[in-house]
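The values are calculated or read from the model by the stated rules, or taken from the named source; none is laboratory data. This structure is a prediction, so every number in the text was calculated from the model and none was measured. Cβ atoms come from the backbone with ideal geometry, glycine included; neighbour counts cover every protein chain shown. Note: accessible area is taken over every heavy atom of the protein model, side chains too, but ligands, DNA and RNA are not part of it. Shrake-Rupley method; radii C 1.70, N 1.55, O 1.52, S 1.80 Å.
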Amino acid sequence: MYNDTKDYGAMYDQLKFTDDFMFCKILENNPELCKELLEVILGIKIRKLESVSRQKEIRVKSDGKGVRFDVYVEASDNKVFDIEMQTTKKKDLPKRARYYQGMIDMDLIQKRAEYLDLKRSYVIFICTSDPFGLNLPVYHFENICLENTKLLLEDETEKIFVNSKGVRENISEEMKAFLDFLEDKQCDSHLTRRLQEEVENARCQEEWRHEYMTLAERDEEKREEGRQEGIKEGIKEGIKEGIKEGIKVLVESLKEMGVSENDITEKLMVKFNLTEDEAKTYL
């Protein structure tokens with residue numbers, strides 16, 4: 001049932017490309033636009049995209065910790081890409097990038113690939129805050145030999161962190177325009193024009209609007225359930241602490257009155273419904 005305490009329809013009309021729902025929907029439904037974005041960020045040419053999936057889940061074991069990629073892309077030239085939109089600053093991004101890349105490899109290995117058949121993989125975080133504080137527009141990581149930095153490990157894994165707050169130096173004009181686009185600044189490049197057009201078109205998609213409203217209401221219900229559960233647990237803990245304090249006061253009073261430990265144990269068992277061992281523990 002639609003929750004009328006929040007106007008999710010109006011919220012949908014305010015979504016930007018940097019909002020996770022809009023970001024995933026636009027790239028999934030526009031493979032050529034996704035391809036152009038990857039080429040601008042990475043400065044490479046990609047032959048053809050085979051598939052673009054949003055919210056792709058990879059779980060190696062049913063009871064293990066899985067991962068859900070924002071946008072997962074497979075290209076014809078033996079490359080795979082995970083593109084994540086990151087609008088909050090978090091300290092765990094490097095470890096997340098490591099885990100995501102490992103999960104990509106595990107998924108490929110599960111499909112009976114040999115080690116040499118592992119595809120070149122890119123994990124890309126598009127950040128609206130500086131993840132490393134050096135003011136770079138792009139942080140690009142590969143594995144290198146510390147003793148000789150010219151020697152690359154060549155394991156064909158790359159981790160890229162785009163920083164919309166970074167300086168506009170030593171990057172292409174298209175990349176500058178994209179960073180400005182993320183910051184809601186006026187820009188006019190082929191990529192940013194297309195992205196903005198798709199954002200405006202998305203606002204007319206009633207099916208997407210309904211999907212967003214359903215997801216938003218579901219997420220709000222889960223948050224409310226979490227809050228209520230937290231309140232209940234807090235009350236339980238408060239009651240427990242109150243009982244403990246009451247037992248402590250009673251025990252001290254009875255001891256001061258000279259009541260034997262056996263009698264105190266019996267009183268605790270009756271008054272607080274404790275086992276003999278529990279009562280002795282309090283003593």
Over the heavy atoms of residue 190, what accessible area does a 1.4 Å probe trace out, to the nearest 10 Å²?
-> 90 Å²
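Taking the Cα centre as origin and putting +1 on Lys and Arg beta-carbons and -1 on Asp and Glu beta-carbons, what dipole magnitude results for the chain, to the nearest 20 debye?
Details: 47 positive and 61 negative charges, 93 e Å.
Result for the chain is approximately 440 debye, rounded to the nearest 20.
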Take every Cα pair under 8 Å in the chain that's 6+ residues apart, average their separations, divide by the length, and report that relative contact order as a whole percent.
-> 15 percent
Considering the options 100, 72, 192, tell which one lies farthest towards the positive end of the dipole of the chain, charges being +1 on Lys and Arg and -1 on Asp and Glu at the Cβ, about the Cα centre.
-> 100
Cα gyration tensor, the range 90-213 - rounded (a/c under 1.5), prolate or oblate = oblate
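Of all accessible surface on the chain at a 1.4 Å probe, what whole percent is carbon and sulfur?
Values: 8550 of 17500 Å².
Roughly 49 percent, rounded to a whole number.
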Can you work out the accessible area per residue across the chain, with the rest of the protein chains kept in place, probe 1.4 Å, in square angstrom?
-> 62 Å²
Against the longest alpha carbon principal axis of the chain, how many degrees, from 0 to 90 and to the nearest 10, is the axis of helix 261-272 turned?
-> 60 degrees
Given charges at Cβ of Lys, Arg, Asp, Glu: the range 136-283 dipole, positive-most of 166, 269, 201 | 269
Report the one residue of 182, 146, 22 whose Cα lies farthest in the direction of the positive end of the charge dipole of the chain (charges on C-beta: Lys and Arg +1, Asp and Glu -1; origin at the Cα centre).
-> 146
From phi via Karplus (6.51, -1.76, 1.60), per-residue ³J(HN,Hα) for the range 97-105 in Hz, x at Gly/Pro | 4, 4, 5, 4, 5, x, 5, 4, 5
Among the listed pairs 6/222; 240/280; 6/91; 48/90; 185/222; 56/79, give every one whose C-alpha distance is greater than 24 Å.
-> 6/91; 48/90; 185/222
With the Cα gyration tensor of the chain giving a ≥ b ≥ c as the square roots of its eigenvalues, does the rule (a/c under 1.5 for rounded; else a/b larger than b/c for prolate; else oblate) give rounded, prolate or oblate?
-> prolate
Under a Gaussian network model of the chain whose springs join Cα atoms within less than 10 Å, the largest fluctuation of 15, 42, 134 belongs to 134
Once the Cα atoms of helix 206-256 and of the chain are each reduced to a long axis, what angle between those two axes, in degrees from 0 to 90 to the nearest 10, is obtained?
-> 30 degrees
Lys, Arg +1 and Asp, Glu -1 on Cβ, resulting dipole of the range 40-151 about Cα centre, debye, nearest 20 | 180 debye
